[in-house]
Amino acid sequence: MTVHAAKGLEFPYVYVVGLEENLFPSGGLYNSSKKDIEEERRLFYVALTRAKEEVKLSFAYTRMQYGQTQSNPPSRFLKEINSRYIKNPDALGMAQ
């Protein structure tokens, strides 16, 4: 299900995958306006708030995309989450 389709719905558990730069936020945002970034940040918030009990967030260090191996850093949105809510902050370089 897309984040857009999840608006107004709730689930016990939510899994958000692909939290890498060039995916979430999407690739064209490096040249996009602050307004575009804020819209993607709002969608991320929507995804997080669909969970009643727990959210699982993931990213890949490398992935095959359009026939090529891509290496993208974790999404900037992950670093905006307070580390006390992250079970494995070391994975994001967020160790306390």
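The values are calculated or read from the model by the stated rules, or taken from the named source; none is laboratory data. Because the structure is predicted, anything quoted here is derived from the model rather than measured. Cβ placement follows ideal geometry from the backbone for every residue including glycine, while neighbour counts extend to all protein chains displayed. Remember, those area values only see protein heavy atoms, side chains included, never the ligands or the DNA or RNA. Shrake-Rupley method; radii C 1.70, N 1.55, O 1.52, S 1.80 Å.
Only residues that are β-branched (V, I, T), outside any strand (DSSP E or B), in contact with a helix residue (DSSP H, G or I) (Cβ under 7 Å, 6 or more places away or on another chain) and modelled with pLDDT of 90 or more: list them for the range 32-71, please.
Our first condition is that a residue be β-branched (V, I, T); within the range 32-71, this holds for 37, 46, 49, 55, 62, 69.
Within this subset, residues satisfying the condition of being outside any strand (DSSP E or B) are 37, 46, 49, 62.
Keeping just the survivors that are in contact with a helix residue (DSSP H, G or I) (Cβ under 7 Å, 6 or more places away or on another chain) gives 37, 46.
Passing the criteria: only V46.
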query = Across the range 40-71, what is the total count of residues that are open to solvent by 80 Å² or more (accessible area, probe 1.4 Å) and not hydroxyl-bearing (S, T, Y)?
reply = 6
ask   = Can you tell me which residues in the range 12-31 are buried (at least 16 other Cβ atoms within 10 Å of the Cβ), under 15 Å from R63 (Cα atoms) and modelled with pLDDT under 90?
value = E21, N22, L23, F24
ask   = If you go through the range 72-86, how many residues are surrounded by 10 or more Cβ atoms within 10 Å (Cβ to Cβ) and in a loop (DSSP other than H, G, I, E, B)?
value = 7
